[in-house]
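K.L.:
Provided herewith is a single structure, encoded as structure tokens, for subsequent inquiry.
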Amino acid sequence: MIEIATLSSPRAAQAFVDYLATQSIACQLRPEGQGVMLLLHDPGQESHVRSELQKFVENPSHPRYMAASWERSDNAGVRFDYGAPGTGLMRNFLLHAGPVNLIVLAICAVVFLFSFLGMLGYVRYWLQFFPSIDALTGWQQWRWLTPAFIHFSFMHLIMNALWWWYLGGQLEQKEGSRPLLILFLLTAALPNFAQFLLSGPNFGGLSGVVYGLFGYVWVRGMMAPTVGLSLTPGLTGFMLIWLVIGFLGWFGPPMANMAHFGGLLVGAGYAATRSINKKGLAE
């Protein structure tokens, strides 16, 4: 595929792709920074697409583009939502998320609410990781996962929730709910166990899962770019630098660094596994 241009508005870009589709020109969009990259399937159509793109840039509100999207949505049995300039923040938030993404966010919010209302002791009693190695085979198997729902401050919750929403929403939109659910289960349980071995059961937070998502999107984007998952170099650098800072202990109380590192490894490994077909070749 050929990279044609980066467009700042995903909604407008989708309208242009729909318009090209009415001319039997196959294109797709890939997240790129704050916008989307327009990718052309057939190199022989590049000149025509660039000419049409120039017309689109000069007058993106022309009725032919909206009409094309309505035509395609009618054929597909769905409606394309352009969104108005005044579309609310909550609507945009929900459009980016999927059911698994929203369920995890809701559980984290409810658990934090209980903690905020003075029930942190009960939250820890029921949701903290196993108190000892001997307890791992007991009946409270939910403890493999539930430390991910515990947050110790509002800022701790907000930071983790935003990353989970951004990365998890991207994954769920592109590949569906099942891979996100599997990734959550893997990157909650295994990194939690690693953190327990290092520091005991007194930890919590979604950050191990967030680093699992980061590792997944990073590796998946490199090995299977046609899926459409991607991270900007700035975000990649930030996440890696923050990981190192955590191990150095430069800011505040100790972080669950082994959960972060373990999540990164598990997420990257899961992405590599999914990106390799039965013949051992990347998608």
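The values are calculated or read from the model by the stated rules, or taken from the named source; none is laboratory data. Since this is a predicted model, take the numbers as computed values, not measurements. With ideal geometry, Cβ positions are generated from the backbone for all residues, glycine too; neighbour counts draw on all protein chains shown. Keep in mind that these areas ignore ligands, DNA and RNA; they rest on the heavy atoms of the full protein, side chains included. Shrake-Rupley method; radii C 1.70, N 1.55, O 1.52, S 1.80 Å.
K.L.:
In region 1-41, how many are in contact (Cβ under 8 Å) with a residue 40 or more places away in the chain and touching a Pro at 6+ places or on another chain (Cβ under 6 Å)?
P.N.:
Residues meeting the conditions: 2.
K.L.:
Continuing with the same structure: Could you please tell me which pairs satisfy a Cβ distance under 7 Å, a separation of 6+ or placement on different chains, a first residue in region 236-255 that is more than 14 Å from Gly208 (Cβ to Cβ) and at pLDDT below 90, and a second residue that is open to solvent by 60 Å² or more (accessible area, probe 1.4 Å) and in a loop (DSSP other than H, G, I, E, B)?
P.N.:
Pairs found: Ile245/Phe251.
K.L.:
Continuing with the same structure: Report whether or not Gly263 is modelled with pLDDT of 90 or more, in a loop (DSSP other than H, G, I, E, B), within 23 Å of Ala135 (Cα to Cα) and not polar (S, T, N, Q).
P.N.:
On the way: modelled with pLDDT of 90 or more: yes; in a loop (DSSP other than H, G, I, E, B): no; within 23 Å of Ala135 (Cα to Cα): yes; not polar (S, T, N, Q): yes.
So Gly263 does not fit the description; no.
K.L.:
Another question, if that's okay. Need a quick list: helices (runs of 4 or more DSSP H) entirely within region 169-235 having at least 2 residues that are modelled with pLDDT of 95 or more and either more than 18 Å from Ala271 (Cα to Cα) or open to solvent by less than 30 Å² (accessible area, probe 1.4 Å) (or both). Write out each step before concluding.
P.N.:
Values: elements: 169-175, 177-199, 207-223.
Answer list for region 169-235: 177-199, 207-223.
K.L.:
Anything in region 210-224 that is within 20 Å of Arg143 (Cβ to Cβ) and more than 11 Å from the chain's Cα centre (by Cα)? List them, or say none.
P.N.:
none
K.L.:
Return a yes/no flag: does region 135-147 have any residue that is within 21 Å of Leu243 (Cα to Cα) and either without any contact (Cβ under 8 Å) to a residue 12 or more places away in the chain or assigned to a helix (DSSP H, G or I) (or both). Outline the logic, then answer.
P.N.:
Restricting attention to region 135-147, the residues satisfying the condition of being within 21 Å of Leu243 (Cα to Cα) are 147.
From what is left, the residues that are either without any contact (Cβ under 8 Å) to a residue 12 or more places away in the chain or assigned to a helix (DSSP H, G or I) (or both) are 147.
Yes, some residue in region 135-147 is within 21 Å of Leu243 (Cα to Cα) and either without any contact (Cβ under 8 Å) to a residue 12 or more places away in the chain or assigned to a helix (DSSP H, G or I) (or both).
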